[in-house]
Amino acid sequence: MAAIDIAHLCRLAQLALDDAETRAVQGDLARIIAMVDQMQAVDTSGIEPLAHPLEGVQRLRPDLVTETVEPARYQSIAPAVEDGLYLVPRVVE
């Protein structure tokens, strides 16, 4: 296993650790890397990937239109409308 440069990681993460915290983080990271190495050593060649770890069924509602749009009603209160489009003042010249 390669050495972990805690000082470099602290600079990247903008953390300030004292000596005791640095030693604790060094040990924690070493254990995490060892666990990942152990997991990568497992043969998964015959195992199909999962889309989700839990087998759940989604309840789906029917895709029905529940609201209608009334353009004439909304455009009746607009300051300026032409051919079904809202007219707005020019802001960029």
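Listed values, structure above:
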read-out	value
Region 67-93: number of residues that are among the hydroxyl-bearing types (Ser, Thr, Tyr) and assigned to a loop (DSSP other than H, G, I, E, B)	2
Unique match (being among the small types (Gly, Ala, Ser) and at pLDDT 90 or above) among ALA3, ALA13, ALA51	ALA13
Criterion (of a type in the set (A, V, I, L, M, F, W, C), surrounded by 10 or more Cβ atoms within 10 Å (Cβ to Cβ) and assigned to a loop (DSSP other than H, G, I, E, B)) met by exactly one of LEU64, LEU29, LEU17, LEU54	LEU17
Pick from region 67-93, criterion out of contact with any strand residue (DSSP E or B) (no Cβ under 9 Å at 6 or more places or on another chain) and of a type in the set (A, V, I, L, M), ranking: surrounded by the most Cβ atoms within 10 Å (Cβ to Cβ)	VAL81
Positions within region 32-50 being in a helix (DSSP H, G or I) and among the aliphatic types (A, V, I, L, M), in sequence order	ILE32, ILE33, ALA34, MET35, VAL36, MET39
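The values are calculated or read from the model by the stated rules, or taken from the named source; none is laboratory data. Just so it is clear, the structure is predicted and the values come from calculations on it, not from any experiment. For neighbour counting, all protein chains shown are included, and Cβ atoms are generated from backbone atoms with ideal geometry for every residue, glycine included.
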